[in-house]
Structure formats: C-alpha cells, structure tokens
Amino acid sequence: AAYTLELPPELVKRKLHPTFHVSLLREYVETDDSKFPDRRLEDVLSLGEETFEKTVNKIIGYKWAEGKPVFIVSWSDGLTT
C-alpha cells in the first residue's frame with residue numbers, strides 16, 4: 001500500500017518522488033514553535049546541496065545488518081559507501 005502526496009514546491013524542485021509506502025508515513029503533529037524559536041523552514045526542508053548530484057556507478061557488494069541488506073556502492077564522485 002502506497003500513497004502519493006502533494007509535496008511542497010521546494011521538494012518537487014529537488015525531484016523527490018511523491019509516492020511513499022504506508023510504513024514510512026506518520027500522522028502530522030504540529031510542533032510548538034516556542035520550543036524551537038530559531039528554526040527556519042528552509043533548514044527543515046533542506047536535503048543538503050549534494051543530495052541529488054551524485055549517481056550510483058555500480059553496486060560493489062552487500063552485507064546483512066539487522067536482517068536487512070546494506071549495499072556497498074561506488075558513487076559518481078569516486079567515493080565508496
């Protein structure tokens with residue numbers, strides 16, 4: 001089961017896919033701004049400048065961690081994670 005959401009323009013611009021599996025979604029609970037007086041919306045929505053600038057060259061391998069596969073990836077910028 002998946003839901004397609006209407007995303008804010010900032011996230012659409014970053015090419016974030018709007019469809020999410022139901023297990024990744026939670027009910028929205030508004031926060032108390034007095035607890036976070038210096039919070040800026042831009043910082044909350046920021047995914048970092050390099051988030052979508054790298055692509056996967058190839059999957060080198062994988063290992064199991066907590067019952068799930070963790071992939072070892074060679075990125076377009078030469079890093080391996």
Answer residue from segment 13-22, given it is assigned to a loop (DSSP other than H, G, I, E, B) and open to solvent by less than 100 Å² (accessible area, probe 1.4 Å) and is modelled with the lowest pLDDT among those
R14
Is it fair to say S74 is modelled with pLDDT of 80 or more, more than 28 Å from A1 (Cα to Cα) and not in a loop (DSSP other than H, G, I, E, B)?
yes
By residue number, the members of segment 23-54 that are modelled with pLDDT under 85, open to solvent by 80 Å² or more (accessible area, probe 1.4 Å) and within 18 Å of the chain's Cα centre (by Cα) are Y28, L41, E42, D43, V44, E49, E50, F52, E53
Filtered residue count, segment 59-77, keeping only those that are open to solvent by 100 Å² or more (accessible area, probe 1.4 Å) and more than 22 Å from K15 (Cβ to Cβ)
5
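The values are calculated or read from the model by the stated rules, or taken from the named source; none is laboratory data. What you see is a predicted model; the values in this text were computed from it and never measured. Positions of Cβ are generated from backbone atoms using ideal geometry, with glycine treated the same way; all protein chains shown enter the neighbour counts. What goes into the accessible areas is simple: the full protein's heavy atoms, side chains included, and nothing from ligands, DNA or RNA. Shrake-Rupley method; radii C 1.70, N 1.55, O 1.52, S 1.80 Å.
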